[in-house]
Every structure is written in structure tokens, then in C-alpha cells.
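The values are calculated or read from the model by the stated rules, or taken from the named source; none is laboratory data. Fair warning: this is a prediction, and the values are worked out from it, not measured in the lab. Cβ coordinates were reconstructed from backbone atoms using ideal geometry, including for glycine residues, and neighbour counts include every protein chain displayed. Heavy atoms of the whole protein, side chains included, go into the accessibility calculation; ligands, DNA and RNA do not. Shrake-Rupley method; radii C 1.70, N 1.55, O 1.52, S 1.80 Å.
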Amino acid sequence: MKKFLITMAAVLLIIIIYNYYPKSGSFNKLILNKYFNNEIQDIEICKGTNRKVVKSEDKINELMSYFKSLKLLEYKFRIPYRNVDAFKLSIQERDGTLIRVTIQNKNYITILVIDEYKQKSKKYKIIEGSINKDYIEKFYNECEDMKNTGSKLL
């Protein structure tokens, strides 16, 4: 009986450590492959109160390629605040799954996944690569204004 309890406690400890140990990997592995099954319908990008949308498959692929190059580590602490403009991207899949990426600064992002069953939020530290604010700003400026599209993702 004592041996059984020790074994059960060890198994329980391993499960707890596994579940709470921060996971690392690419943006693709940790986010896109985990939550998206179909193609991306559109991306909405928000800076302050201004919102724009991307529906072009080429532009969507360009932005996703950029994010796929980032290596992430789950981050369990408060994200350091820096006085920069935050961008919010809403990535919409055809089946309705929505991933909201909030770019806090060049080294941290927050992910909110919304599907028909749940909402889940996680923070990530970028451990390889970083967010290039100039690239995101340029991408944002090339997007179409929301008033022309009728999209309501954010």
C-alpha cells in the first residue's frame, strides 16, 4: 500500500511538472498548428483605435512567414511594459477560430485563442528573433482601412 501511494504521488508530481513547465517552440508549432486546421480567411491589424484588414492571400502568407520565424517560450510572469505603440492582430480561420496576437514589445507577445468552445490566453517571450516594429508598421500602412471592408474581427 505504501509503495502504491509513493508511485501515485510520483506520477502526480510528473504530471503537474509537465503541465506547468513552460513550453517552447516556433510560433507555428505552439500556436498555428495547435489551433488552426483550415486556411486563414483574413487578418485584422489594430494600432490604437485605427483598424485595418488584410484579405490578400499573398499578404497573409507574408505576415505568417514572418511570425513563423519566431521561437517562443511560454511566459508565466508579468510582461515588462515599454512605452511603445502596441499592435493587435486578429487572425481569422475559415471555421471561425480567432487568434488575437498582441505585440507588447519586441520581445513579448500575448495570444488569445477564441473558438466556439473556449477562450484561452497565454503569454510568450520571444527567445529567437524579435518583433521588428518598422516591419509591422510598414505592413500596417499597406493594409486596407476597415471602413472599406465591413470586417468586425476586433
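As I understand it, the value is the acute angle between the Cα axis of helix 57-68 and the longest principal axis of the Cα atoms of the chain; what does it come to in degrees, rounded to 10?
Roughly 40 degrees between the two axes.
Mean residue ellipticity at 222 nm from the helices of the chain, using -39,500 (n - 2.57) per DSSP H segment of n ≥ 4 over the full residue count, to the nearest 500 deg cm²/dmol?
-8500 deg cm²/dmol
What FRET efficiency comes out for I14 versus D145 if R0 is 41 angstrom and r is the Cβ-Cβ distance? Round to the nearest 0.05.
Using R0 = 41 Å, I get an efficiency of 0.20.
Using the heavy atoms of the protein chains and a 1.4 angstrom probe, tell me the accessible area per residue for the chain in square angstrom.
Per-residue accessible area for the chain comes out at 63 Å².
With +1 on each Lys and Arg Cβ and -1 on each Asp and Glu Cβ, how big is the dipole of the chain about its Cα centre, in debye rounded to the nearest 20?
980
Please give the helix 2-20 orientation as an angle from the longest Cα principal axis of the chain, in degrees from 0 to 90, rounded to the nearest 10.
For 2-20 against the chain, the angle is about 10 degrees.
I'd like the distance between the alpha-carbon centres of segment 36-80 and segment 1-32, rounded to an integer number of Å.
Each part's Cα centre sits 29 Å from the other's.
Quickly rank 65-75, 1-11 as a protection proxy: mean count of other C-beta atoms within 10 Å, highest first. Show your work: numbers first, answer last.
Values: 65-75: 16.7, 1-11: 8.6.
Per-residue Cβ counts within 10 Å, averaged per peptide and sorted highest first, yield 65-75, 1-11.
Can you tell me the equivalent ellipsoid semi-axes for the chain? Use √(5λ) from the Cα gyration tensor, largest first, whole Å. Show your work: numbers first, answer last.
On the way: eigenvalues 239, 64, 35 Å².
So the three semi-axes of the chain are 35, 18, 13 Å.
Got the relative contact order for the chain handy, in percent, Cα pairs under 8 Å and 6 or more residues apart?
23
Using a cut-off of under 17 Å, list every residue of segment 25-47 whose amide N is near the label point 7 Å from the Cα of R94 along the Cα-to-beta-carbon line.
33, 35-43
Quick check on my link table: of K88/K123; K23/K138; K29/K120; K34/K118; K29/K125; K71/K106, which ones sit more than 21 Å apart, alpha carbon to alpha carbon?
Long pairs (Cα-Cα over 21 Å): K23/K138.
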